[in-house]
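This report refers to the structure that appears directly beneath it.
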Amino acid sequence: MMLSLNNLQNIIYNPVIPYFFFFPDQLDPGTLIVIRGHVPSDADRFQVDLQYGSSVKPRADVAFHFNPRFKRAGCIVCNTLINFFFGREEITYDTPFKREKSFFFFIMVLKDKFQVVFNGKHTLLYGHRIGTEKIFFFGIYGKVNIHSIGFRFSSDLQSTQASGLELTEVPKSGTPFFFCIFAWTLEGSFIHSIPYCRTFFFQPSNRGDISKIVPRTVYFFFKDSTVNHSLTCTKIPPMNYVSKSLPFFFFLNTPMGPGRTVVVKGEVFFFSKSFNFFFLAGKSKDIALHLNPRLNIKAFIRNSFLQESWGEEERNITSFPFSPGMYFEMIIYCDVREFKVAVNGVHSLEYKHRFKELSSIDTLEINGDIHLVEVRSW
């Protein structure tokens, strides 16, 4: 997974540890902290703290204490410090941090939790125990070599470029909605991606019905290309505004075909067993692609329903990309021969086309145990 640091607002290179930083902006949901480094051979532990203040004695409150440890099998300890006392530790024993290994991870601030993603793979979630509105300090301590630290704040409304993708028009009225997707680039049969964060504005329904889903179109162009690409963004209103639950039907602004991309953003319920994505050919009622993550057995099922019959299931996958409670961004890219799927920036699978009339695929149906946030296509 490749990340362009050019898309981050503040970048610090090779800081001396211990390192301390003052955030110039509030850590609202959508804020991203990106850290690259290397664990030395003699490391016993290091920590990243999101703090309320800079005081050492007495010590300032720490909203998120992220502490990889390397003794024995290793683990990650997360905690919160309030009034000089730590609370109950939350320990992740399946740690991806290893001595003498380089690392790249980011911390994303969500509405009610922090999410940590290591080398593009979801690692852990940590629920907020105190508010994020007073986090203004960031610290790294312990035995670790840091190559770079980058920050991106959700309040940033400046133009963003990601992997050659440049925003040229944004609606400037309506309700603001921040999202952080993974913009993709293709290399061989894999999807490489980088976080692409942006605030968009969505108009309410002209009919005054806040339960309506109102798509808006934004225009993008690729560098060294004269072809413009339209992007349809559909915001799913907050849960207390939605009068109908899943299934949700998303009508593609342009029928499916080579080069078409669909992005689905959502959150997996903690009790989730499975959820489904159906790409439908409206006239024939065939299902060109059925994607079915099943958390209870950690299987990512793929299949097609053609001529009133299901085909053979495909299940092989290197790593199951979903876990209960996680936030996800899933990219489905249509190639000439197959669909390519990436989850949170990591290529997951390919699925060769069984349904050949790609231009007949015009609808995406979504149902199951997830909270749907946004669906986009271009």
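The values are calculated or read from the model by the stated rules, or taken from the named source; none is laboratory data. Keep in mind the model is a prediction, meaning the values are calculated, not measured. All Cβ positions, even for glycine, are placed from backbone atoms using ideal geometry, and neighbour counts span all protein chains on display. The accessibility values were calculated without ligands, DNA or RNA, using every heavy atom of the protein model including side chains. Shrake-Rupley method; radii C 1.70, N 1.55, O 1.52, S 1.80 Å.
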(message) Give me the one-decimal nm value for the distance between modelled label points at N253 and V56, 7 Å along each residue's Cα-to-Cβ direction.
(response) 5.4
(message) I'd like the FRET efficiency for K298 and I130, computed as 1/(1 + (r/R0)^6) with the beta carbon distance as r and R0 of 35 Å, rounded to 0.05.
(response) 0.55
(request) Would you mind computing, in nm to one decimal, how far apart the modelled labels at K71 and K143 are, each placed 7 Å from Cα along Cα→Cβ? (result) 1.2
(request) Pick out, in residue order, every one of the GluC sites (Glu not before Pro) in region 253-333 that is DSSP loop and has at most 14 other C-beta atoms within 10 Å; say none if there are none. (result) E308, E312, E313
(message) Under the rule a/c < 1.5 gives rounded, and otherwise a/b versus b/c splits prolate from oblate, where does region 1-100 land using the Cα gyration tensor?
(response) oblate
(request) Once you've got the Cα coordinates, tell me which of K143/K273; K113/K340; K101/K121; K121/K285 are over 28 Å apart. (result) K143/K273; K113/K340; K121/K285
(request) Heavy atoms only, probe 1.4 angstrom, no DNA, RNA or ligands counted: give me V144, V56 ranked by accessible area, highest first. (result) V56, V144
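Please work out how much length the chain gains when fully extended from D335 to E312, using 0.36 nm per residue of separation minus the C-alpha to C-alpha distance, in nm with one decimal. Let's see the in-between values first.
On the way: separation 23, 0.36 × 23 = 8.28 nm, distance 2.10 nm.
Going from the current span to full extension adds 6.2 nm.
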(message) What FRET efficiency comes out for N83 versus S359 if R0 is 51 angstrom and r is the Cβ-Cβ distance? Round to the nearest 0.05.
(response) 0.25
